[in-house]
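**Q** The following block contains the structure, expressed as structure tokens.
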Amino acid sequence: METIDTSQLEIIQKELAQKVVIFENGQGYIPENEDIIFSLDVQYVGEQAYVALDVMRWSGELLGIFGSLQVATFSYIPQFFSFREAPILINLIKAVQQKTGFKPALLIIDGHGIAHPRRFGVACYVGIETQIPTIGCAKEPLLRYEGNLGNERGSYIPLFLENEEVGSVLRTQNGIKPVFVSAGHLTSLEVANQVILTLSTTYRISEPLRRADHAARCYAKGESLPNFSIV
DNA sequence: GCGACAG
DNA sequence: ATCTTGTCGC
């Protein structure tokens, strides 16, 4: 087992976090019908990373799902997840843009944005590197929170860091465990919540992230899938 | 000091 | 994330 000095990584995170731009509610990126949205997820087999990227329009149209096999070069450390996964995600985003010509207006990442101890989740890393508006949506919280969440779809309670609202505990389906939403770059928390809720039509997880998750799983198992192309 | 800790 | 059985429900 290799011990890693996370104190140096914390310094790097704090520096990079200064490049992150989060807008107040009502400002920054707001989705429009023609906008193309990229949503990504990864399945690991050891250090082999099977990455999938869903392409859809905000209007709902599915344009395709793309994948690539990459190798993770950084181990998973809680709070430092971005150093492992962001480079992998960025590689596929750039490859898909280059090979298909799709220009994403928004990226949706499986993980946190600024709802992170040093305001630098994986969605922030991807955002500042691509300079594309980015939202993070995680299945587990990284910041502690208190309060009672309403049982109905759309209920949410804020996630605070040093008295600042940095994210939301958002219920996407009635009576179902919530997800944890935050802005990653160039958008607002309000838009992040609205986008995730709007795209979570049937299940706890939003449709594009579910498709990416499913595609990455099939890809990792060598199973074929319609609309899926390796880039 | 001890526990908790995205994927 | 992954390792894992049966089971419930659409």
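FYI, it's all coordinate maths here, none of it is from the lab. Because the structure is a prediction, the values reported are computed rather than measured. Virtual Cβ from ideal backbone geometry, glycine too; neighbours counted across all protein chains shown.
**Q** Would you please state which residues of region A:173-203 a label at A:E140 would reach in this model, taking the label point 7 Å out along Cα→Cβ and a backbone N cut-off of under 17 Å?
**A** A:177-181
**Q** At 7 Å along the Cα-to-beta-carbon direction for both A:I11 and A:L149, put a label point, then send me their distance in nm to one decimal.
**A** 3.7 nm
**Q** Could you pull out every whole DSSP H run in chain A that spans at least 24 Å of Cα extent along its own axis and averages 0.0 or higher on the Kyte-Doolittle scale?
**A** Membrane-span-like by this criterion, though nothing is claimed about a membrane: A:81-100.
**Q** Now for a separate question. Treating region A:30-123 as a set of equal point scatterers at the Cα positions, no solvent, please give the Debye-formula log₁₀ I(q)/I(0) at q = 0.15 Å⁻¹.
**A** Evaluating at q = 0.15 Å⁻¹ gives log10 I(q)/I(0) of -0.61.
**Q** Then there's this: So if I take the centroid of the Cα atoms in region A:1-61 and the same for region A:112-146, what is the distance between those two points in Å?
**A** Here the answer is 7 Å between Cα centres.
**Q** Give the residues of region A:80-102 whose amide nitrogen is closer than 14 Å to a point set 7 Å from the Cα of A:Y44 in the direction of its Cβ.
**A** Label zone hits: A:80-89.
**Q** Now for a different question. Pop a pseudo-label 7 angstrom from the Cα along the beta-carbon direction at both A:I157 and A:Q27 and give the gap in nm to one decimal.
**A** Label at A:I157, label at A:Q27, 3.0 nm between them.
**Q** Using a cut-off of 11 Å between beta-carbons, work out the net charge of the residues near A:L63 (Lys and Arg +1, Asp and Glu -1, A:L63 not included).
**A** Local net charge: -1.
**Q** Where does chain A land at 222 nm, in deg cm²/dmol rounded to the nearest 500, when only DSSP H runs of n ≥ 4 count, each adding -39500 (n - 2.57), divided by all residues?
**A** My calculation for chain A gives -9500 deg cm²/dmol from helical runs alone.
**Q** Let me ask something additional. Given the options A:Y145, A:Y50, A:Y219, which has the most mean-square fluctuation in a GNM of chain A, springs set between C-alpha atoms less than 10 angstrom apart?
**A** Maximum among the listed residues: A:Y145.
**Q** Students often get this wrong: which residues of region A:107-136 have the backbone nitrogen under 20 Å from the point 7 angstrom along Cα-to-C-beta of A:K94?
**A** A:107-110, A:122-135
**Q** Provide, in order from the shortest bin, the percent of all Cα-Cα pairs of chain A in each 10 Å bin, continuing until the bin that contains the maximum pair distance.
**A** Percent of Cα pairs in each bin: 8, 35, 38, 17, 2.
**Q** Rounded to a whole number, what is D in µm²/s for region A:147-231 from Stokes-Einstein with the Kirkwood radius over alpha-carbon pairs (37 °C, 0.692 mPa s)?
**A** 228 µm²/s
**Q** Pick from A:G167, A:G60, A:G127 the residue whose mean-square fluctuation is largest in a GNM of chain A, springs joining Cα atoms under 10 Å.
**A** Its mean-square fluctuation being the largest, the pick is A:G60.
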